[in-house]
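Novice: Below is one structure. I have some questions about it.
No value in this document is a laboratory result; all are computed from the given coordinates. Because the structure is a prediction, the values reported are computed rather than measured. Neighbour counts are summed over all protein chains in view; Cβ atoms, including those assigned to glycine, are modelled from backbone coordinates with ideal geometry.
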């Protein structure tokens, strides 16, 4: 699994289709087309993944980093279900701070992990 690194890569994927949504996350996908540019956005035909966790929805850096780590771990575990394309998992709403008081608790990580697994299952079902 390759990671998206440049702004152009993220913009290309976000311009693509939204293939799955949950209460807090959206999964965007962009096919890896053969580009005629001298510098293609995606060098290999592989699964590419990026994580977007805006400060608007996760104020503390600890929370943003914890959510990103969960995104990459869950996606790596279910890489076999993802097609060779570029994907971006985007946080689209905040987790309730009254329910998840700590910025990086095991309860928050478990909730994020469960919702990400649900998101990837929906994406796999939409693909079939």
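Novice: What is the helix-to-structure angle for 106-127, meaning the angle in degrees between its Cα long axis and the longest Cα principal axis of the chain, kept from 0 to 90 and rounded to the nearest 10?
Specialist: Compared with the principal axis, the helix lies near 30 degrees.
Novice: Also, I was wondering about something else. For a paramagnetic label modelled at 7 Å from the Cα of residue 33 toward its Cβ, which residues of the range 86-128 fall within the zone defined by backbone nitrogen distances under 19 Å?
Specialist: So the set is 86-88.
Novice: Rounded to the nearest 500 deg cm²/dmol, what is the calculated helix-only ellipticity per residue at 222 nm for the chain, with -39500 (n - 2.57) per DSSP H run of length n ≥ 4?
Specialist: The per-residue figure over the chain is -12000 deg cm²/dmol.
Novice: If you average over every viewing direction, what projected area does the convex hull of the Cα atoms of the chain give, in nm²?
Specialist: If I average the Cα hull's projected area over directions, I get 7.7 nm².
Novice: Output the relative contact order of the range 2-127, whole-number percent, from Cα pairs under 8 angstrom with separation of 6+ residues.
Specialist: 35 percent.
Novice: At what distance in nm do the modelled label points of residue 73 and residue 59 sit from each other, each positioned 7 Å from its Cα along Cα→Cβ?
Specialist: Between residue 73 and residue 59, the simple spin-label model gives 2.5 nm.
Novice: Neighbouring Cβ atoms within 10 Å as the yardstick, rank 97, 29 fewest first. Can you show the working numbers first?
Specialist: Working: 97 12, 29 20.
Placing the least packed residue first, the sequence is 97, 29.
Novice: Here is a follow-up. Treat each spin label as a single point 7 Å out from the Cα along the C-beta direction, and report the residue 43 to residue 1 distance in nm.
Specialist: Inter-label distance under the simple model: 2.0 nm.
Novice: Also, I was wondering about something else. Tell me, how many Å apart are the Cα centres for the range 76-109 and for the range 50-72?
Specialist: Comparing the Cα centres of the range 76-109 and the range 50-72, I get a distance of 8 Å.
Novice: Now for a separate question. Any chance you could give the angle, 0 to 90 degrees and rounded to 10, that helix 61-77 forms with the longest Cα principal axis of the chain?
Specialist: Taking the Cα atoms of the chain, the angle to 61-77 is about 50 degrees.
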